[in-house]
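Some notes on the structure that comes next.
The values are calculated or read from the model by the stated rules, or taken from the named source; none is laboratory data. Everything numeric in this text was worked out from a predicted model, so none of it was measured. Every residue, glycine as well, gets a Cβ built from its backbone with ideal geometry; the counts of neighbours run over all protein chains shown.
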Amino acid sequence: MPSFTVAATSTALLFAWLVTGLFVLEAGLHGLLLTALISLTGLGLWLGVSYHTLRKFVFDGLAASMPALIIFILIGVVIASFIQSGTVGTLVYYGLQLLRPEFFLPAGLLLCSFMSFATGTSWGTVATCGIVLMSVGESLGFPLPLTAGMVIAGASFGDKMSPVSDTTNLAAMSAGTTLYRHIQAMSLTTGPSYLIVLVIFAILGSTYGAAPADQAAAVALLAALDATFTIHWITLIPIALMLILGWRRVPPEAVLIAASFSALIIAWGLQDASVARLLTSLYTGVSQETGAPLLDTLINRGGIGAMAWTLTLAILAIAMGALLSQLNLLKALLEPIAERIQRPAQLLTASTAAATASNAALTEPYAAIILNGQVFQDAYDRHNIDRAMLSRTLEEGSTLTAALIPWTTTAIFYSAILGVSSLDYAPFALLNWMNPLIGIAMAWLGIGYLTSNSNRTSTD
């Protein structure tokens, strides 16, 4: 294991390079991550690790992340098939008619929260409800970053709180607590945070909703939808199928395949799409001119090919995270910090901050959750704090902040699907940064944490 000095210096230089490249040089993420990967390879060689071992670290990391990479590909298929079937068009059509502008943001937040809680996936929620709400919001005059932030906040809620979410179960397991004890601990901070966020979005919604909207744009979009698709409740079957299968804990890739297949059948039977056109669109995406620019923007997307930029960026990010993890740089950095903590509030703050930093370094929340669960377990036991409090900080520092760090796989995915940079939507993803801060504030105030020898909330 490298020394603390080596770990701290190398990690700091890596973050400095990524931040400088993004904000000062305004360079592309692909090049930044590639140079970071090369630098970490050089560091590994300097530490005495052979090239073949480093190569194995990268390949093992990619193999472990293969389910996520497959989901990247399948999301492109889902979007293309949902557009061809008229599922997206039907949702937008009824959304424009039913959603009043002043209620759009809080209603959208609740919708995404329900969808993500029922399915346990934020990615699936963003790829389905998200693209619909982005189009509805644009037609109602809402700024795209604001709508994207609302979508991500709602999607992140379910990903964090749902008993069928992979991160929820992983955090509980990594911290050594039960699933429902973990959810109980999260509710202490997520509940107040969510209510605050809901109120803020209601205020923002009433502000933007009170402004004169471009009714002509909405009317034109409705007419174009009616002329392009057969609007029918049958087109909602793929969404219902996703909800049912997700709730039954069917593996996500199987859920996406089943939903896509049902959408293709509907597209063939209801929308009169040819088999050749449907199969081609699975890779190329939808390409159709309707005469309505807003509708063209909505439907001309999707396909496996459209995910290439996102997929290659994710591969580089995962490879970089694999080297950081296997070279034990973060473990060497975090363990001395955990051993020196003296107060419970310091411990909760440190584990939240460490989860966030690990998330940024490892580029995806799964590895960050596992690493910090291992590092901080003994410290929580020494302070007689329930392990569920550790699992809570893992979720708040990893699951939620993943959407805010531009080079994580989550942020890369959200930006690609919603068409908004993570730097632009981050201020409006209120739950994602507000919940961790509220959790830290409550820890320092001594409010609402669980002790290991009690099943009730402690306020002392």
Looking across segment 343-370 at residues that are β-branched (Val, Ile, Thr) and surrounded by fewer than 21 Cβ atoms within 10 Å (Cβ to Cβ), the single one that is nearest to Met434 (Cα to Cα) is Thr349
Which one is modelled with the lowest pLDDT among residues in segment 340-380 that are over 15 Å from the mean Cα position of the chain (by Cα) and assigned to a loop (DSSP other than H, G, I, E, B)? Gln342
Which residue is farthest from Leu221 (Cα to Cα), if the candidates are limited to segment 313-348 and must be among the polar types (S, T, N, Q) and either touching a helix residue (DSSP H, G or I) at 6+ places or on another chain (Cβ under 6 Å) or not assigned by TED's automatic domain parsing to the domain that holds Leu54 (or both)? Gln326
Could you check, for segment 206-222, whether at least one of its residues is under 21 Å from Ile131 (Cβ atoms), modelled with pLDDT of 85 or more and of a type in the set (A, V, I, L, M)? yes
Filter segment 1-20 for residues that are over 23 Å from the mean Cα position of the chain (by Cα) and more than 17 Å from Leu47 (Cβ to Cβ); the one that is surrounded by the fewest Cβ atoms within 10 Å (Cβ to Cβ) is Ala16
Condition broken by Thr408, with the remaining ones in (1) within 15 Å of the chain's Cα centre (by Cα); (2) surrounded by fewer than 21 Cβ atoms within 10 Å (Cβ to Cβ) satisfied: (2)
Residues (surrounded by fewer than 20 Cβ atoms within 10 Å (Cβ to Cβ) and under 26 Å from the mean Cα position of the chain (by Cα)) located in segment 263-281: none
Selected residue (only one of Glu102, Glu26 is charged (D, E, K, R) and free of Cβ contacts under 8 Å to residues at least 12 places away in the same chain): Glu26
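Yes/no matrix, rows are residues, columns are (1) touching a strand residue (DSSP E or B) at 6+ places or on another chain (Cβ under 9 Å); (2) at pLDDT below 90; (3) surrounded by fewer than 23 Cβ atoms within 10 Å (Cβ to Cβ); (4) of a type in the set (S, T, N, Q):
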{"residue": "Val136", "(1), (2), (3), (4)": "no, yes, no, no"}
{"residue": "Thr147", "(1), (2), (3), (4)": "no, no, no, yes"}
{"residue": "Ala153", "(1), (2), (3), (4)": "no, no, no, no"}
{"residue": "Phe157", "(1), (2), (3), (4)": "no, no, no, no"}
Please work out if Leu333 is surrounded by 19 or more Cβ atoms within 10 Å (Cβ to Cβ), in a helix (DSSP H, G or I), touching a Leu at 6+ places or on another chain (Cβ under 9 Å) and not basic (Lys, Arg). no
Going residue by residue through segment 20-33, is there one that turns out to be under 30 Å from Asp296 (Cβ atoms) and among the hydroxyl-bearing types (Ser, Thr, Tyr)? no
Picked from segment 169-195 (must be in contact with a Ser or Thr (Cβ under 6 Å, 6 or more places away or on another chain) and part of a helix (DSSP H, G or I)), the residue nearest to Val126 (Cα to Cα) is Ala171
